[in-house]
Amino acid sequence: MAEYKIENQGDKICLTILNCRQSGCATYFIGITGLFIFLLPIVIIIILSIEVSFGTMLVCLVAWLISGYLFRLFLWN
């Protein structure tokens with residue numbers, strides 16, 4: 001939670017906003033989840049040696065879009 005401090009310095013008024021540092025656990029969880037979702041389709045295709053069909057590529061595309069969003073959240077925070 002942010003704290004606010006207002007000071008009167010002669011003919012000036014100063015507003016200071018103090019921001020508390022948040023824990024990095026949630027941020028790292030988002031980053032690791034994004035990395036896991038990005039690598040999972042690749043690992044499954046390699047390990048199971050399944051043929052790459054339209055459905056497989058569609059699932060990979062959706063997984064990569066979701067992981068891209070999670071990476072964006074991770075980098076934003």
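Taken together, Y28, Y4 contain a single residue that is open to solvent by 70 Å² or more (accessible area, probe 1.4 Å) and part of a helix (DSSP H, G or I), which is Y28. When we screen F36, F74 for residues that are in contact (Cβ under 8 Å) with a residue 40 or more places away in the chain, in contact with a Ser or Thr (Cβ under 9 Å, 6 or more places away or on another chain) and hydrophobic (A, V, I, L, M, F, W, C), the only hit is F74. Out of curiosity, is I42 part of a loop (DSSP other than H, G, I, E, B), open to solvent by less than 100 Å² (accessible area, probe 1.4 Å) and without any contact (Cβ under 8 Å) to a residue 24 or more places away in the chain? For I42, the condition - part of a loop (DSSP other than H, G, I, E, B), open to solvent by less than 100 Å² (accessible area, probe 1.4 Å) and without any contact (Cβ under 8 Å) to a residue 24 or more places away in the chain - is not met.
The values are calculated or read from the model by the stated rules, or taken from the named source; none is laboratory data. Predicted model, so just to flag it, every value in this text is computed and none were measured. Don't worry about glycine lacking a Cβ; one is built from the backbone with ideal geometry, like all the others, and counts go over all protein chains shown. Heads up: the accessible areas ignore ligands, DNA and RNA and are worked out on the full protein's heavy atoms, side chains in. Shrake-Rupley method; radii C 1.70, N 1.55, O 1.52, S 1.80 Å.
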